[in-house]
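The values are calculated or read from the model by the stated rules, or taken from the named source; none is laboratory data. For clarity, every value in this text was computed on a predicted model and none was experimentally measured. Heads up, the Cβs are rebuilt from the backbone with ideal geometry, glycines too, and the neighbour counts pull from every protein chain shown.
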Amino acid sequence: MKSIHLKSTLIVFAFLFSMHSLGQGGSVTSVVSSSPPATACTNTLLTVSGTHNFAGYTYTGATVVPSGNTLTISLNYSFGIGITVITPFTQSVNIGMVPAANYTVSTNLVVNGSPTSSYSSSLNVVACCGAVSSFTSSATSVCVGDPIVLTNTSTGSIAQGWSDGSGFVYTGVNHSLTPTTTGTVTVTLVVTNGTCTDSVSQTINVLAIPIITSIIPSSTQVCIGDLLTVTAVSTGASTTSYQKWFKDGTQIGFGSTLQSVASGVGLHTIKFSAGNGACSTEDSIVVEFLTPPNIDNFTVPSSICAGEMINCTSSNTGATSAQWFVNGANVGSGTSYSGGINSTSTIKLVISNGICSDSTEQIVTVNTLPTVNLGPNQVYCGNTLILDAGSGFTSYVWQDASVASTFTVNSAGTYSVSVTDANGCSASDTVLVTSCLGLEELDFANIKVYPNPTIGKTTISLGKEMKEVSIKVVNVLGQVVILEEFTNVNEFEINLKHFDSGVYYLSFGKSQTIVITKE
């Protein structure tokens, strides 16, 4: 523990010894006037350079003490604890306005109030001239070929001279020049009051004139409401803000491309201006804004029944053509269209005047037809016979204009019904009802059935020719298996081949029945 303490003590001692031997100062190596020549009528700035012995100096300001032709300047620094290292510094000092004279300048480096070094230099301060040179120019940037007007605003002078780098000096009060090449022109005005001179210079930028190569519109005829796009190609414009678009004199956009919605029917002048802040070039085109055609009326049903023709009509204003489309396929032209569609479809009409167009469309639903079935043809034998058209329809119309869902048959004849569903679609069906033969018309004693029993076909001989015969064959369960009509026959054949073996009943009316056995 003691050895460690001794080592630390030695380190601190060595550090303090080093500080003492090097000193808390530094040195000044140069003092230069930053804006020669120094004049008595302007503040004089001095740039002081040198080195500090330690890092961590803090500049606290300068004091200037004039005494005759001697100026004593003190640069004041504060110092705490720093690292022992030679540190360069540069400090700007404003000594204000001092009378014209040739001065000896003594510059001191002061640290914590103690001068540490001094540097001697000289400073020549000249008297100010009574003539002050100044002028204004009509522009700080111009294009090649544009004139620049220079106006003399000097005071206290009796003569002047202008120089613009062309090798000539012009002695007029004011001056003008016209640059012929791009780049910069430096103009200098020198004035005198007969005793001394003063001068001032100004640099003017000379820019190339912008060039517009082309102006290309998307079309020279645009419909009202459509987008007009115009693209310009140019060189020499400084920024996008110096590329401007005008419509009939009113600015409507910036940049090399214009996009504007067409408005106002007629001819319009679209102008493009390319500039660089000093000059600009313009070019223009003429476009025509047209009234688009209009579909005034479009009549297409929203739905139809299967098998119906769809009838579409329209009227328009300003169109020279009208085209109809079904599901994207062109199906005809003109103000109307009729045709069939098999399923739900989109009907579209497109009209045009050759440049502008208008369109509209309608989805049309195709509804299936209702189903009505009065059953097979039937025989009326004086019994109750009711024809039923079914339920779920919105209307019924029978052959006699009655409107019930059922119809009671009272005699032989042809019966029909037409039904309509909720979609307005209609369907119909027809059934034939014939009369039974009476006993007085048929002599059952002469009827022969052979073979009976049978394995399939059986012949029925009536004994005489009958103009009309209706028969019905019923099995033992009461099910009708054969129902047929014959005309102008004296015999006919029935076939039981595909029926089960057993007893079958052949009847010609209400009760006249012949038994037939199938083996």
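Observations, loosely collected:
- For the stretch 84-94, the condition holds for no residue, the condition being that it is over 16 Å from residue 49 (Cβ atoms) and exposed (fewer than 11 other Cβ atoms within 10 Å of the Cβ).
- Scanning the stretch 474-519 for residues that are under 19 Å from residue 433 (Cβ atoms) and either modelled with pLDDT of 80 or more or polar (S, T, N, Q) (or both) gives 474, 480, 482, 483, 484, 485, 486, 487, 507.
- Residue tally, condition touching a residue at least 40 places away in the same chain (Cβ under 8 Å) and touching a strand residue (DSSP E or B) at 6+ places or on another chain (Cβ under 6 Å), over the stretch 90-106: 9
- Here is the figure for the stretch 325-348: residues that are closer than 12 Å to residue 364 by Cβ and of a type outside the set (D, E, K, R) total 12.
- Test: residue in the stretch 91-104 that is under 60 Å from the mean Cα position of the chain (by Cα), small (Gly, Ala, Ser) and more than 30 Å from residue 172 (Cα to Cα): yes
- Residue check, residue 222 exposed (fewer than 14 other Cβ atoms within 10 Å of the Cβ), of a type in the set (Val, Ile, Thr) and in a strand (DSSP E or B): no
- Filter result for the condition that a residue is outside any loop (DSSP other than H, G, I, E, B) and buried (at least 16 other Cβ atoms within 10 Å of the Cβ), over 142, 149: 142
- Residues being outside any loop (DSSP other than H, G, I, E, B) and within 24 Å of residue 96 (Cβ to Cβ) - total across the stretch 30-73: 27
- Test: residue in the stretch 263-284 that is surrounded by 12 or more Cβ atoms within 10 Å (Cβ to Cβ), closer than 30 Å to residue 367 by Cα, in contact (Cβ under 8 Å) with a residue 12 or more places away in the chain and acidic (Asp, Glu): no
- Residue 314 modelled with pLDDT of 95 or more and either touching a strand residue (DSSP E or B) at 6+ places or on another chain (Cβ under 9 Å) or small (Gly, Ala, Ser) (or both): yes
- Listed here are the strands (runs of 3 or more DSSP E) enclosed by the stretch 345-386 that have at least 3 residues being over 30 Å from residue 329 (Cα atoms) and out of contact with any Phe, Trp or Tyr (no Cβ under 6 Å at 6 or more places or on another chain): 378-380.
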